[in-house]
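To start, the structure itself, in structure tokens.
The values are calculated or read from the model by the stated rules, or taken from the named source; none is laboratory data. None of these values were measured; they are calculated from a predicted model. When we count neighbours, we look across all protein chains shown, and the Cβ atoms used for this are built from the backbone with ideal geometry, even at glycine. Remember, those area values only see protein heavy atoms, side chains included, never the ligands or the DNA or RNA. Shrake-Rupley method; radii C 1.70, N 1.55, O 1.52, S 1.80 Å.
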Amino acid sequence: MMKNGLDMERANALVERITRDPAAGERTLSALTTWNGGAHTTTIVRDFAVPADEPAMLGGSNRGPSPTELVLTGLSACIAASIAYSAAEEGIEVDLIEIDVAGDLDLAGFFEIGNTRPGLDEVRLTVRVDADAPREKIEDLVNRAYRRSPVAASLAERGPIRVCIGWEETRAE
């Protein structure tokens with residue numbers, strides 16, 4: 001059964017499998033990022049190439065969104081998909097989901113000026129949903145989507161990030 005463009009038979013089968021065996025829901029997501037010079041990188045994730053770069057004002061060449069813009073993109077995309085899933089689970093047809101996302105960033109943290117912490121200080125989302133449901137139900141869908149969003153949880157809780165350095169000889173001696 002397709003609902004809101006989602007294959008709910010597949011999704012429900014996965015939910016049943018995870019309910020029986022919680023380990024069935026555990027995944028390791030991975031990607032490979034290659035530096036292209038300057039601030040420009042390309043990340044290969046599954047079958048997709050995702051460019052990133054900094055704007056010219058930061059010395060980049062503006063060949064893609066900045067990594068921080070991609071974080072905001074990931075957050076809003078995850079919440080939009082979560083709204084679509086939540087609505088489909090309840091049999092609600094959605095016609096439109098739009099999310100304006102903005103975040104406050106102080107570049108002093110990136111440049112290690114003063115004691116400013118790098119990263120986004122506050123992120124704001126304005127969500128618009130047009131669906132065959134009353135306002136209260138749409139508010140519930142948006143709140144539920146935020147609660148179930150892995151990206152929102154990762155940003156809000158700022159979980160640990162481990163950095164390991166892999167050494168490879170790349171230059172001839």
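Would you be able to say whether some residue in segment 21-36 is free of Cβ contacts under 8 Å to residues at least 60 places away in the same chain, open to solvent by 40 Å² or more (accessible area, probe 1.4 Å) and under 30 Å from Pro134 (Cα atoms)?
Within segment 21-36, not a single residue is free of Cβ contacts under 8 Å to residues at least 60 places away in the same chain, open to solvent by 40 Å² or more (accessible area, probe 1.4 Å) and under 30 Å from Pro134 (Cα atoms).
Would you call Ala11 more than 30 Å from Ala131 (Cα to Cα), part of a helix (DSSP H, G or I) and touching a helix residue (DSSP H, G or I) at 6+ places or on another chain (Cβ under 8 Å)?
Values: more than 30 Å from Ala131 (Cα to Cα): no; part of a helix (DSSP H, G or I): yes; touching a helix residue (DSSP H, G or I) at 6+ places or on another chain (Cβ under 8 Å): yes.
For Ala11, the condition - more than 30 Å from Ala131 (Cα to Cα), part of a helix (DSSP H, G or I) and touching a helix residue (DSSP H, G or I) at 6+ places or on another chain (Cβ under 8 Å) - is not met.
Are any of the residues in segment 76-95 open to solvent by 60 Å² or more (accessible area, probe 1.4 Å), farther than 23 Å from Asp121 by Cα and among the aliphatic types (A, V, I, L, M)?
No: zero hits.
Among the numbered criteria (1) open to solvent by 60 Å² or more (accessible area, probe 1.4 Å); (2) touching a residue at least 60 places away in the same chain (Cβ under 8 Å), which one does Ala49 miss?
Looking at each condition in turn, Ala49 falls short on (2).
Of all the residues that make up segment 68-102, how many are polar (S, T, N, Q) and without any contact (Cβ under 8 Å) to a residue 60 or more places away in the chain?
If we filter segment 68-102 for residues that are polar (S, T, N, Q), which is where we start, we get 68, 73, 76, 82, 86.
Within this subset, residues satisfying the condition of being without any contact (Cβ under 8 Å) to a residue 60 or more places away in the chain are 68, 73, 76.
The qualifying residues number 3.
Report, ordered by the first and then the second residue, all pairs with beta carbons closer than 7 Å, sequence separation of six or more or different chains, a first member in segment 103-122 that is under 19 Å from Leu75 (Cβ atoms) and open to solvent by 50 Å² or more (accessible area, probe 1.4 Å), and a second member that is of a type in the set (Phe, Trp, Tyr) and part of a loop (DSSP other than H, G, I, E, B).
Pro118/Phe110
Can you pull out the residues in segment 77-128 that are of a type in the set (Val, Ile, Thr) and closer than 20 Å to Val151 by Cα?
Here is the first cut: in segment 77-128, the residues of a type in the set (Val, Ile, Thr) are 79, 83, 92, 94, 97, 99, 101, 113, 116, 123, 126-127.
Those that are of a type in the set (Val, Ile, Thr) and closer than 20 Å to Val151 by Cα: Ile79, Ile83, Ile97, Ile99, Val101, Val123, Thr126, Val127.
Of all residues in segment 123-149, count the ones that are open to solvent by 80 Å² or more (accessible area, probe 1.4 Å) and in contact with a Ser or Thr (Cβ under 9 Å, 6 or more places away or on another chain).
3
From the set of residues in segment 52-75 that are open to solvent by less than 60 Å² (accessible area, probe 1.4 Å) and of a type in the set (Asp, Glu), which is nearest to Phe111 (Cα to Cα)?
Only one residue tops the list, namely Glu54.
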